[in-house]
Amino acid sequence: MKTPNKYLLLILTLGLITGCADDNERNYQYFPDMYQSQAYEAYAESELFPNQTTALKPAEGSVKRGWMPFEYADNEEGYQRAKKELENPVPYTEENLLKGEELYGYYCAICHGDKGNGKGWLVQQEKVLGVPSYDDVGRAITSGSTYYVIYHGRNLMGSYASQMNRKEMWQVTQYVMKLKRELEDKDELPFDKDTIKNKQLFSTSDKLELTN
Ligand code: HEC
């Protein structure tokens, strides 16, 4: 009889202690010095920083994670330079080409047409004028100029840099160049075998974005 009584007492004592705790009330804090820091509201007035508000602007020169500068300015000189020297860093594989075709269907075919001959639906409806065919001899587009035009836009054509990431824009470029070859009755290019070597063209930060 002696032992069960001991347990009973223990259970009763515990019940006494925990029973009074209210789930909706804060627990007691012992030495609460650093439990709760003094919080500042963002953009509230404050003496903390020289600009008198609690929120600070990002340090000068900060760039968004994964963002890469495009070193071809939005002007004729930038266009000509990109046309001449900018090359597609994305390996030419079936997967990339299919993705390019898909994106082309979403964004470009409405004006440029499924075949890239400049006779898309909007052109047929006479909503947009001056859409060139990709085999336009006078323009002689290259991978570099195509990427540049997708990135910056050109006259009536808007920029697509906010709709696609870099890899996607290069995939579309790949598909545009394929359409150009078809319009010119040229042979199709073989897919890249050495895709690893091509991938090394990207710097570490490029990879970050090009894989998303
Ligand atoms: C709203 C219609 C429209 C859409 C959509 C459009 N384009 Fe264009 N595109 C144009 C027009 C108009 C031009 C001629 C611009 C000029 O040189 O005046 C053009 C020109 C081009 C050129 C030739 C530029 C050069 O170097 O002369 C390429 C390449 C091109 N577009 C690719 C694309 C791709 C790729 C897409 C999809 C991401 C796209 N376009 C979406 C209207 C469009």
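The values are calculated or read from the model by the stated rules, or taken from the named source; none is laboratory data. Model, not experiment: these values are computed from the prediction. Backbone-built Cβ (ideal geometry, glycine too); neighbour counts: all protein chains shown.
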Note on G78: of the conditions (1) touching a residue at least 40 places away in the same chain (Cβ under 8 Å); (2) more than 26 Å from Y134 (Cβ to Cβ); (3) surrounded by 12 or more Cβ atoms within 10 Å (Cβ to Cβ), unmet is (2)
Residues in segment 74-88: is at least one of a type in the set (D, E), at pLDDT 80 or above and closer than 24 Å to Q163 by Cβ? yes
Six or more apart or on different chains, Cβ atoms under 6 Å: show the pairs whose first residue is in segment 105-130 and part of a loop (DSSP other than H, G, I, E, B) and whose second is among the β-branched types (V, I, T). G118/V131; G120/I110
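Got a number for residues in segment 131-149 being part of a loop (DSSP other than H, G, I, E, B), among the β-branched types (V, I, T) and within 9 Å of the ligand (Cβ to nearest atom)?
Of all residues in segment 131-149, those part of a loop (DSSP other than H, G, I, E, B) come to 131-142.
With the extra rule that they be among the β-branched types (V, I, T), the set shrinks to 131, 137, 141-142.
From the residues that got through so far, the ones that are within 9 Å of the ligand (Cβ to nearest atom) too are 131, 141-142.
Summing the residues that are part of a loop (DSSP other than H, G, I, E, B), among the β-branched types (V, I, T) and within 9 Å of the ligand (Cβ to nearest atom) in segment 131-149 gives 3.
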Enumerate the pairs (first residue in segment 173-188 and within 19 Å of L86 (Cβ to Cβ) and modelled with pLDDT of 95 or more; second residue anywhere and among the charged types (D, E, K, R) and assigned to a helix (DSSP H, G or I)) with beta-carbon separation below 6 Å, excluding pairs fewer than 6 apart on the same chain, so at least 6 apart or on different chains. Y175/E101
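Evaluate the following for P58: is it exposed (fewer than 10 other Cβ atoms within 10 Å of the Cβ), at pLDDT below 80 and farther than 20 Å from Y151 by Cβ? Lay out the reasoning, then the answer.
On the way: exposed (fewer than 10 other Cβ atoms within 10 Å of the Cβ): yes; at pLDDT below 80: no; farther than 20 Å from Y151 by Cβ: yes.
No, not satisfied.
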Condition (residue is more than 9 Å from the ligand (Cβ to nearest atom), closer than 11 Å to Y104 by Cβ and over 18 Å from the mean Cα position of the chain (by Cα)) applied to segment 150-171: is it met by at least one residue? no
